[in-house]
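First the structure, in the form of structure tokens, and then the observations on it.
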Amino acid sequence: MRIGVSLRTSYTVEARTGARWVIERAAAADAAGLDWLFVGDHHATGPGVYYQNVPVLGRLLATWGERPAGALFLLPLWHPVLVAEQIGTLSAIAAGPFVMQTAIGGGVAQFGAMGVDTRGRGARFEVALDMVRRLLTGEEVADPDGASGYRFGAARVAPVPTEAVDVWIGATAPRAIDRAARIGDAWLCNADVVPDDARTQADTYLDRCAAHARAPHEVAIRRDVHVDLDHAAAAAVAEPVIAGGYRGFRPEAFAWGAPDEVAEQFRALAAMGYTAVIVRQLAADQADALRSIELLARVRELVADA
């Protein structure tokens, strides 16, 4: 099992302070030797600060190294040509492979602010993803009828990646998991999924991959975590956050504790069929978050053979 990080890019602190924290957390993830670096995607988020994925990742790639990196793109909210251009440029900056995480997205406020209808987004997603992939191989693409949600004439993008871009599709509903198996390179289970449901969803995904005669590159799950020097120190940080209703998740959805405790929880996920855990930090305090990321190096060692 491998471990990647999805950096928190939403803060309530002063804007430059939050941006510095993102950079510091990326540096800590690099020093810990984590296997992937990711940032998320959200729009029209005010009043809190949310750092947009493309410029932030461009800055982080300057110091990340040759391991894979990528960003989430909620594809129905992006023009296919624009997202292909952004990925082409980011992949040129990156020293290693680029991973496109993607999903159909949700949220009436977010979609409304971008002028996009939530209805029919699944079908539009499939069309748009096919177009983005073709654009990233240098192909000319057009969508005069707007099947992707955007009408546009013949277009090419440059630069294009020098190596294939992996597409990880986030999905929870059975139909969406089938879509991930059918057209994705990998699947990403959501962070709020508790262990029993994580097992069921992994089984569903692997069954659908077999049905479509496709071998996934990764079976990944997101987890909000806190790793500390011992159980008591971890509890002092994690328990108040969880008790406060963090993101509305059930307590079983989190992974926290000393390195050996978190490794045991990750090994349980590996036994369900997961090959990767993509972590996000529970801690709001920067020193706590940096310590947790640093200790993930030990967790990574403990689960390397899982």
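The values are calculated or read from the model by the stated rules, or taken from the named source; none is laboratory data. Not measured: the values here are computed from a predicted model. So basically every Cβ, Gly included, is an ideal-geometry build from the backbone, and we count neighbours across all protein chains shown.
General observations
- Screening 182, 134, 214, 199 for residues that are part of a loop (DSSP other than H, G, I, E, B), surrounded by fewer than 19 Cβ atoms within 10 Å (Cβ to Cβ) and among the charged types (D, E, K, R) leaves exactly one candidate, 214.
- Counting the residues of the stretch 55-79 that are farther than 21 Å from residue 22 by Cβ and more than 19 Å from the chain's Cα centre (by Cα) gives 1.
- Search result, residues across the stretch 96-117 that are under 19 Å from the mean Cα position of the chain (by Cα), more than 13 Å from residue 72 (Cα to Cα) and assigned to a loop (DSSP other than H, G, I, E, B): 96, 97, 106, 107
- The stretch 55-109, subset touching a strand residue (DSSP E or B) at 6+ places or on another chain (Cβ under 7 Å) and of a type in the set (Val, Ile, Thr), residue nearest to residue 161 (Cα to Cα): 87
- Filter result for residue 94 (out of contact with any helix residue (DSSP H, G or I) (no Cβ under 7 Å at 6 or more places or on another chain) and in contact (Cβ under 8 Å) with a residue 60 or more places away in the chain): no
- Answer from 39, 22, 56 - the residue that is aliphatic (A, V, I, L, M), modelled with pLDDT of 95 or more and surrounded by 22 or more Cβ atoms within 10 Å (Cβ to Cβ): 39
- Leading residue by the ranking (surrounded by the fewest Cβ atoms within 10 Å (Cβ to Cβ)) among those in the stretch 73-111 that are more than 20 Å from residue 175 (Cβ to Cβ) and touching a Ser or Thr at 6+ places or on another chain (Cβ under 7 Å): 108
- Of the strands (runs of 3 or more DSSP E) lying entirely inside the stretch 217-300, the ones with 1 or more residues being acidic (Asp, Glu) and at pLDDT 95 or above are found at 218-227.
- Scope the stretch 9-36; condition among the polar types (S, T, N, Q) and part of a helix (DSSP H, G or I); matching residues: 17
- Unique residue being surrounded by 15 or more Cβ atoms within 10 Å (Cβ to Cβ) and farther than 13 Å from residue 102 by Cα when the list is 160, 194: 160
- Residues of the stretch 37-56 that are part of a helix (DSSP H, G or I) and in contact (Cβ under 8 Å) with a residue 24 or more places away in the chain: 53, 54, 56.
- Looking only at residues of the stretch 239-261 that are among the aliphatic types (A, V, I, L, M) and under 20 Å from the mean Cα position of the chain (by Cα), we find that the one that is surrounded by the fewest Cβ atoms within 10 Å (Cβ to Cβ) is 253.
- Residue count for the stretch 59-72, restricted to those that are assigned to a loop (DSSP other than H, G, I, E, B) and crowded, with 17+ Cβ neighbours inside 10 Å: 4
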